[in-house]
Amino acid sequence: MKTASIKSSVFAPLFPAAGLALLGYAGNYLSMPVAYGVSFIFGSIFSIIAIRLYGLRWGTAVALVASSYTLLLWNHPYAIIIFAAEAVWIGLALSRGRTNILLIDSLYWLCLGVPLVALFYFGVMGLGFQSTLIIALKQSINGIINALVASLILSCLPVDRWLRTGKEPVRPTFATILFHLTSTSLMLPAIGILFYYNHRDLTLDRKSVV
């Protein structure tokens, strides 16, 4: 009887995690093209939510399923490794008592994410320095924005109650709200700059062809 209850508790997150994985896959499928094959994707929003609600293993599984679409989108498996590493990084930090998802994710891209982009895109795939820089900038901004959205969802919506996790919802402090607002105000100009440079390069290429 006790063994059955343990197994039931272990596999209880299976269906909600599967739902989050499908939402993550759909979020990557509904990508937003920028230029030169660079796209904004949204799957990591749901993998971060899964990590926060169900822990490292389930969250990493959700990240793997969600990021698998990038194999079709970009025709290489390296983004799957990068986003899976992001999930593991966040999961380990949360398990050690860290709570600021946005700060955790920002540190990931600074310390590991961008170096992984350089390793795979510049080192393995042989892309030029400028192309690799654009991809690194895009992926880091994209990942941090997704972390911000996931953090806002977890802070402002009763996700724990909707998914019946049995956990007490974590109410955002004033400092957390202020941090989110400040981060949003910094992210919007960064997105604008990224779109501007991509649009400018695309315009220059068209003129050179003409």
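The values are calculated or read from the model by the stated rules, or taken from the named source; none is laboratory data. Treat the numbers as computed from the prediction; the structure is a model and nothing was measured. Positions of Cβ are backbone-derived with ideal geometry, glycine not excepted, and every protein chain shown enters the neighbour counts. Heavy atoms of the whole protein, side chains included, go into the accessibility calculation; ligands, DNA and RNA do not. Shrake-Rupley method; radii C 1.70, N 1.55, O 1.52, S 1.80 Å.
Counting only helices (runs of 4 or more DSSP H) wholly contained in segment 38-81, the ones carrying 1 or more residues that are within 19 Å of SER106 (Cβ to Cβ) occupy 44-54, 56-67. Summed over segment 7-28, the residues that are open to solvent by 90 Å² or more (accessible area, probe 1.4 Å) and modelled with pLDDT under 90 give a count of 3.
Pairing residues of segment 115-142 that are within 20 Å of PHE42 (Cβ to Cβ) and touching a residue at least 40 places away in the same chain (Cβ under 8 Å) with residues that are open to solvent by less than 60 Å² (accessible area, probe 1.4 Å) and part of a loop (DSSP other than H, G, I, E, B), at Cβ distances under 8 Å and at least 6 apart in sequence or on separate chains, gives ILE135/LEU127; ASN142/ILE41. In the condition set (1) modelled with pLDDT of 95 or more; (2) surrounded by 24 or more Cβ atoms within 10 Å (Cβ to Cβ), ILE41 is compliant with all but (1). The conditions of being free of Cβ contacts under 8 Å to residues at least 12 places away in the same chain and within 27 Å of MET125 (Cβ to Cβ) are not met by LEU14.
The set of residues in segment 53-64 that are within 13 Å of the chain's Cα centre (by Cα) and not hydroxyl-bearing (Ser, Thr, Tyr) comprises GLY59, VAL62, ALA63, LEU64. Tell me whether segment 55-68 contains one or more residues that are basic (Lys, Arg) and either surrounded by 17 or more Cβ atoms within 10 Å (Cβ to Cβ) or modelled with pLDDT under 85 (or both). Checked against the condition, which is being basic (Lys, Arg) and either surrounded by 17 or more Cβ atoms within 10 Å (Cβ to Cβ) or modelled with pLDDT under 85 (or both), segment 55-68 yields no hits at all.
Within segment 72-91, the only residue that satisfies the criterion of being over 12 Å from ILE48 (Cβ atoms), open to solvent by 70 Å² or more (accessible area, probe 1.4 Å) and modelled with pLDDT of 95 or more is ILE81.
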